[in-house]
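Data block below; observations after.
The values are calculated or read from the model by the stated rules, or taken from the named source; none is laboratory data. Small disclaimer: the values here were computed from a predicted structure and weren't measured. No Cβ is skipped: glycine too gets one built from the backbone with ideal geometry, and neighbour counts run over all protein chains shown.
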């Protein structure tokens, strides 16, 4: 499978899970040449590559996720202190990823 096909597969997975969670606030954008799911004008997840996604979340939740599941959640120097956790997409099951998408969408949703 080509890299482009792998990216399409990864974003299709994210879209499917968002739809299954009834996250009506979701739109697909291509920011910085990276497929992105957004709510309003705020993106809440984007693909870094076919195997890695950057997900917005509160910093305390990020720390907890990395402590509990370091094989799934991690950060690089660029994300230290940022409200973004990196996810190994090949290590996370659909149920957990769907929960993280729902949390991130709520975290980044514009206030009513």
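Summary table below
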| quantity | calculated |
| --- | --- |
| Qualifying position, being exposed (fewer than 10 other Cβ atoms within 10 Å of the Cβ), closer than 23 Å to residue 39 by Cα and either touching a strand residue (DSSP E or B) at 6+ places or on another chain (Cβ under 8 Å) or touching a residue at least 12 places away in the same chain (Cβ under 8 Å) (or both), among 110, 83 | 110 |
| For residue 70: the one exception among (1) out of contact with any helix residue (DSSP H, G or I) (no Cβ under 6 Å at 6 or more places or on another chain); (2) in contact (Cβ under 8 Å) with a residue 12 or more places away in the chain | (2) |
| Residue check, residue 94 within 28 Å of residue 2 (Cβ to Cβ) and within 14 Å of the chain's Cα centre (by Cα) | yes |
| Odd one out for residue 19, checked against (1) modelled with pLDDT under 95; (2) surrounded by 14 or more Cβ atoms within 10 Å (Cβ to Cβ); (3) in a helix (DSSP H, G or I) | (2) |
| Count of residues meeting criterion [touching a residue at least 60 places away in the same chain (Cβ under 8 Å) and surrounded by fewer than 17 Cβ atoms within 10 Å (Cβ to Cβ)] in the range 86-98 | 1 |
| So residue 78, is it surrounded by fewer than 18 Cβ atoms within 10 Å (Cβ to Cβ) and either under 25 Å from residue 5 (Cβ atoms) or free of Cβ contacts under 8 Å to residues at least 40 places away in the same chain (or both) | yes |
